[in-house]
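Here is the structure we will look at.
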Amino acid sequence: MCTVVFLLRPGHPWPLLLAANRDEMADRPWLPPGRHWPDRADVTAGKDVLAGGTWFGLNDAGVVAGVLNRINTLGPAPGLRSRGELPLEALDHADARSAAEALAALDPDAYRPFNLFVADAREAYWIRATHAEGGVAGHGRLDVFPIPAGCSMLTAYDLNDTGSPRIGRHLPRFRHAAVPDPERDDWSGWTALMADQSHDPAVGPGGAMTVVTETGFGTVSSTLLALPGVGRWGVKPVWRFAAGRPSEAPYRPVSGAREAPGHSAQPAPS
């Protein structure tokens, strides 16, 4: 996954709206979101067939997690674990805070550098793992940061870092776009931006929201997700997935997303 847009609205009926484009080599096999892991029956996520992990998923407790590469770290490296394991580890937890606290203990030198995010209806975090200059073993660093209220963007750079050509160009556009309305399933204010292939010619196609290159690397899928607020009985998360470039593939509902605890049709007995 290469680009994630967050809109956090504490206290709102839909406190988390999220949009994400996944950029990858076109020949790397994957499966659309589903319940692909028998040992994690409460997790719905896309599956990377090559390494067995995921780039983005949601559990039945209402926790969402995803992972992005840091700059110039595409692909695996000998002797290091797959970063696709990380969202699955995050989704082993019942809330974003406990997931962030557990993941803070990771060894950053066990993986190539990454940006990881985890969120629920109350709060959201991003976790940055970097290596020392030159990749010196044993000198990696891992930091955990809260994601603030409002509209933010994460790419291979830091959160809202305008040094990222994509963030610098597109974050202001998302902040001024019509806010999606999950009640009406209206995401039109964002879908046009997610499909946008425009970019600064001096930067190249990597600065676009939907990436198209001649090397086989580019945007291969897209996600839209909304989490309902705690206590909204009977309201499920809204998840839409495009199995291709969002400029070409339609967003379709993801089956398998269930009501999180606190969102059931009837209040729990006192």
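Students often check this: by mean Cβ neighbours within 10 Å, which of 68-81, 14-27 ranks highest, and how do the rest follow? Show your work: numbers first, answer last.
Working: 68-81: 13.5, 14-27: 20.9.
Per-residue Cβ counts within 10 Å, averaged per peptide and sorted highest first, yield 14-27, 68-81.
Determine the distance separating the Cα centre of the stretch 170-199 from the Cα centre of the stretch 18-67; give it in Å without decimals.
23
So who's got an amide H within less than 5 Å of the one on D186, skipping anything under 5 residues away but keeping other chains? H placed 1.01 Å off N, in plane.
D181
Does the stretch 90-155 classify as rounded, prolate or oblate by the C-alpha gyration tensor (a ≥ b ≥ c root eigenvalues; a/c under 1.5 gives rounded; else a/b over b/c gives prolate, otherwise oblate)?
Oblate is the answer for the stretch 90-155, as a/c is 1.5 or above yet b/c matches or exceeds a/b.
Taking the Cβ-Cβ separation of H176 and A104 as r and a Förster radius of 45 Å, what is the calculated FRET efficiency to the nearest 0.05?
The formula returns an efficiency of 0.85 here.
Which residue fluctuates the most in the chain, going by a Gaussian network model with Cα springs under 10 Å, if the choices are D60, D39, D95?
Top of the fluctuation ranking is D39.
By count of other Cβ within 10 Å, fewest leading, how are S221, S255, S198 ordered? Please list the in-between numbers first.
Working: S221 23, S255 10, S198 14.
Going from sparsest to densest Cβ surroundings: S255, S198, S221.
Say R0 is 30 Å: what FRET efficiency, to the nearest 0.05, do D39 and A202 get from their beta-carbon distance? Don't jump to the answer; show the numbers that get you there.
Numbers: r = 48 Å, r/R0 = 1.58.
Step by step, r from the Cβ atoms, then E = 0.05.
For the residues V49, V43, what sequence is obtained by ranking on other C-beta atoms within 10 Å, fewest first?
Details: V49 10, V43 24.
The fewest-first ordering by Cβ neighbours comes to V49, V43.
According to a simple spin-label model (label point 7 Å from Cα along Cα-to-Cβ), what is the distance in nm between T213 and R252?
According to this spin-label approximation, the distance is 2.9 nm.
Test of understanding: ordering M153, M209 by Cβ neighbours within 10 Å, fewest first, what list do you get? Intermediate results must be reported in sequence, preceding the final value.
Details: M153 24, M209 29.
Going from sparsest to densest Cβ surroundings: M153, M209.
Could you run the Karplus curve 6.51 cos²θ - 1.76 cosθ + 1.60 with θ = phi - 60° over the stretch 36-46 and give me ³J(HN,Hα) per residue in whole Hz, x for Gly and Pro?
8, 10, x, 7, 9, 5, 8, 10, 10, 7, x
Name the residues of the stretch 199-239 whose amide N is less than 16 Å from a point 7 angstrom out from the Cα of A26 along the C-beta direction?
Of the residues in the stretch 199-239, 205-206, 210-222 have backbone N under 16 Å from the label point off A26.
Using unit Cβ charges (K, R positive; D, E negative) and no other charged atoms, how large, in debye to the nearest 20, is the dipole of the stretch 3-253 about its Cα centre?
Details: 24 positive and 28 negative charges, 73 e Å.
With Lys and Arg at +1 and Asp and Glu at -1, about 360 debye.
Each reported figure results from applying straightforward, stated rules to the coordinates on display, with no laboratory input. These numbers come from a predicted model, not from an experiment. All Cβ positions, glycine included, derive from the backbone under ideal geometry; neighbour counts span all protein chains shown.
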